[in-house]
Structure formats: structure tokens, C-alpha cells
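To keep things clear, I will list the structure first and then write my remarks on it.
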Amino acid sequence: MQDIAPQHDCLTLVIAAYNEADALPALQPRIAAALDLAESEGLEARVLYIDDGSRDATWDVLRGLAARDPRIGLLRLSRNFGKEAALTAGLDRIERGAALILDADGQDPPELLPQFIAKWREGFDDVHGTRLERDGEGLLKRATAHGFYRVMGMLSKTPVPRDTGDFRLLSPRALAALRELRERHRFMKGLFGWIGFNQVAIPYHREARLAGRSKFGFWKLWNFALEGITSFSTAPLRAATYLGIATAFVAFVYGAWVIAKALLWGDPVAGWPTMMAVILFLGGVQLVALGLIGEYLGRLYEESKQRPLYLVDSWLPATGVSSQRH
Ligand code: UDP
Ligand code: MG
């Protein structure tokens, strides 16, 4: 797949939407303008919206938008599979050219498209937007996100660029490479880094959402962080090993001391508090290590089931190019 010749003729914007009925009508004009810009640069430009099993009017809104612009393609999943699976579904359906991934809530400005295209034409395979500031996001989210990227950077063997989300352009060969990674636990930020190729960052200002609320609450973000760490690092398992060795060493020394004491000075019945402390401590350490192994084992179990990553309900490809072209 590495020998795919660079094609600079087609670009598809890929947008996963989950309950975004309020944001999409405001976003589409900006997307249309970006598509016009891409066309004026000689590209065949399309947009593919993926409805990730929305419960609100998202699908009807999308159908309405698609009826007015033949450059819009629509994909609907059978239920909510999560953003990572929805994006995978979209990327799987791109037959030609590059892909640019955006959020449906307008937080990733489509107005930056020309910069992405320019970098792609310079020969970069992965052009990603790096957030300079984040509007409309609380201190806690910013602080935890900050911490997360630093921890990931330390633990992962392949680079995970800091403060970078899914807002990125992938060249045809990067896309082909990504399609070969079919793991069920998809930590996209890590996968992008894993495939390698020429990467470059474009700094941008992250605006507040157009409408609605973030789908990623604290609990979901915590699980997302766990996913990232367990998918791209076995460092926690290693840490458990070292913790085990250190505990065993301390236990051994203490055991030797207890035996020596009994031999030297006899063994009056005492030591209930020490025994309780030792049992509780060892029990705690064992449970932590077991839980850790369980996290990895659970993921192994999910992978072994070999289920599809997503199921498609409807697929309505873009029908044609806009009348403004040529
Ligand atoms: N999204 C999705 N499936 C989900 C959750 C979110 O497709 O299960 C989409 C959502 O519609 C949006 C993008 O993923 O386009 C980012 O979501 P959100 O804005 O809630 O995340 P945040 O920007 O707060 O990290
Ligand atoms: Mg958002």
C-alpha cells in the first residue's frame, strides 16, 4: 500500500454527528464554503456526514441538507457506536483522495481548509490541527486534558501529539494504512501516531460549540483515557510487576526479622496488629494488580470476539459535483 501514487484530485470532509440537529444547520454553510474553496483549487470536494445513531432529528436534518447539495454523502449507523467507530465507518467509505476529519459542532473551523490542502500538497500525509486555546471549556476539562496528553506522551512508544484531537487531514496512503488497523478498542489519536508518515501540525484556535452540550462527560473522558493508556502501553502491567517485587522484598525482610526475633527471644503471643496490617497491605496490592490484569484481559476478550466495528443502517453516497465546478 505504500506505493500508492499521491493523488491530489479529491478531498472528502468526514464529520461524525451524534445528536447534533441544532449545530448542523449552522455548520453546513461553512462546510459548503470550504468545499467551494477546495473546488476553486481544482479538487473534487465532498462531505460525508455519519449519523452515529442519533436520537434527535439529526438524520432528518442531514437528509434535508443532502437534498440541497449533491456533494453531501450520508451514512447512518444502526445505533450509537461512539465517535471513534463512526469515524472509522466514514473513512472506510472513502474510495479516492484524502480525508479531512472535523467535529460536527463547529469547534474545528472548516475555514482552515486551504492551509490543510497546502500542507498536503507539500507532501505531508497527516496534517493535524493543534489547539492553541479552548473556548467554552471549563478549567477542570482543560487541566485534565493537559495532564492526559502528558501522561500519554510518557507511556506510549509511538508519539501522540499534544493538544491534538481528531481534526486532521489524511493522505490516501495514510488512510489506506489506517484502514488496516481493525482493533475494536480504537484510540484514534494513538492510531494516527502509530501509522507514522510525514506529520505536521497546524495551530488553531478552538472555538466554543455552536449548539448543544459536549457528549464527553467526566466519566466518559476517564474511560477514554483508560482506553488510550491500555491500548498503547503496557507500562501499568510493568508497574504492577515492580510493585510486586518491591512488596515481596519488604515482606521477605520482615519475615526474616519475625523468625529471627522468635528464635532469639521466644514467641510470646502478640503481634495481632502487625499481622492485620501485613494481610491488609498484601491483599490491597494483590487486588490492584489483579484489577490491572483484568483491564487488559477484558480488552483481549473484546478483541477475540471479532465483531464488526460498526453496523450500517443507510448509506447514501454523494451523487455529484456542484454546478459551480468548471
Ligand atoms: N460524537 C459521535 N458519537 C458519539 C459522541 C460524539 O459521533 O458517541 C461526535 C459529536 O457529534 C461531535 C464529535 O463527536 O461531532 C465531538 O463530540 P463533542 O463535541 O461532544 O466532544 P468535545 O468537543 O467536547 O470533546
Ligand atoms: Mg465538541
**Study point:** the chain: angle of helix 58-68 to the longest principal axis, Cα-based, in degrees nearest 10
**Key:** 30
Review point. How would you order 94-104, 181-191, 218-228 from highest to lowest mean count of nearby Cβ atoms within 10 Å?
Key: 94-104, 181-191, 218-228
Exercise for review: Would you please state which residues of the stretch 247-266 a label at Thr274 would reach in this model, taking the label point 7 Å out along Cα→Cβ and a backbone N cut-off of under 15 Å?
Suggested key: 250-266
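Sum -39500 (n - 2.57) across every DSSP H segment of at least 4 residues in the chain, then divide by the residue count to get the 222 nm mean residue ellipticity, nearest 500. Could you put the intermediate results ahead of the total?
Working: 10 runs with 160 residues, N = 326.
Only helices count here, giving -16500 deg cm²/dmol.
Given a Förster distance of 35 Å, report the FRET efficiency between Tyr301 and Asp60 from their Cβ-Cβ distance, rounded to the nearest 0.05. Provide the component values of the computation, followed by the final result.
Values: r = 38 Å, r/R0 = 1.08.
According to the calculation, E is roughly 0.40.
Rounded, prolate or oblate: which fits the stretch 234-305, taking a ≥ b ≥ c as square roots of the Cα gyration tensor eigenvalues, rounded meaning a/c under 1.5, else prolate when a/b beats b/c? If you can, show how the numbers build up before the last one.
Working: a/c = 4.90, a/b = 2.89, b/c = 1.70.
Prolate, because a/c is 1.5 or more and a/b exceeds b/c.
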Exercise for review: Compute the acute angle (0 to 90°) between the alpha-carbon long axis of helix 24-40 and the principal axis of greatest extent of the alpha-carbon atoms of the chain; round to the nearest 10°.
Suggested key: 60
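Given 0.36 nm per residue, what is the gain on full extension from Tyr242 to Ile259 after removing their alpha carbon distance, in nm? Could you put the intermediate results ahead of the total?
Numbers: separation 17, 0.36 × 17 = 6.12 nm, distance 2.56 nm.
Extra length available between Tyr242 and Ile259 comes to 3.6 nm.
Rounded to the nearest 20 debye, what is the charge dipole size of the chain about its Cα centre when +1 sits on each Lys and Arg Cβ and -1 on each Asp and Glu Cβ? Kindly include the intermediate steps, with their values, before the conclusion.
Values: 38 positive and 37 negative charges, 137 e Å.
Dipole of the chain, to the nearest 20 debye: 660 debye.
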Practice item. Add +1 for every Lys or Arg and -1 for every Asp or Glu among the other residues with Cβ under 10 Å from the Cβ of Leu11, and state the total. Key: -2
Study note, to complete from the structure: For Lys215, the lysines lying under 20 Å Cα to Cα, once residues fewer than eight places off in the same chain are dropped, come out as Lys83, Lys141, Lys189
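At a Förster distance of 35 Å, what's the computed FRET efficiency of Ala118 paired with Trp219, Cβ-Cβ distance as r, to 0.05?
On the way: r = 40 Å, r/R0 = 1.13.
Computed FRET efficiency for Ala118 and Trp219 comes out at 0.30.
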Point to revise | Lys/Arg +1, Asp/Glu -1 at C-beta; the stretch 168-326 dipole; positive extreme among Ser233, Ala318, Leu181 | key: Ala318
Practice item. Would you please give the FRET efficiency between Asn198 and Ala143, computed as 1/(1 + (r/R0)^6) with r the Cβ-Cβ distance and R0 = 25 Å, to the nearest 0.05? Key: 0.20
Revision key, fill the gap. Taking Cα atoms only, helix 139-155 is inclined relative to the longest principal axis of the chain by an angle, in degrees rounded to 10, of 70
Exercise for review: Highest first, please rank the peptides 202-209, 83-90 by the mean number of other Cβ atoms sitting within 10 Å of their residues.
Suggested key: 83-90, 202-209
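Every read-out reported here was derived from the displayed coordinates using simple, explicitly stated rules and does not represent laboratory data. This structure is a prediction, so every number in the text was calculated from the model and none was measured. Positions of Cβ are generated from backbone atoms using ideal geometry, with glycine treated the same way; all protein chains shown enter the neighbour counts.
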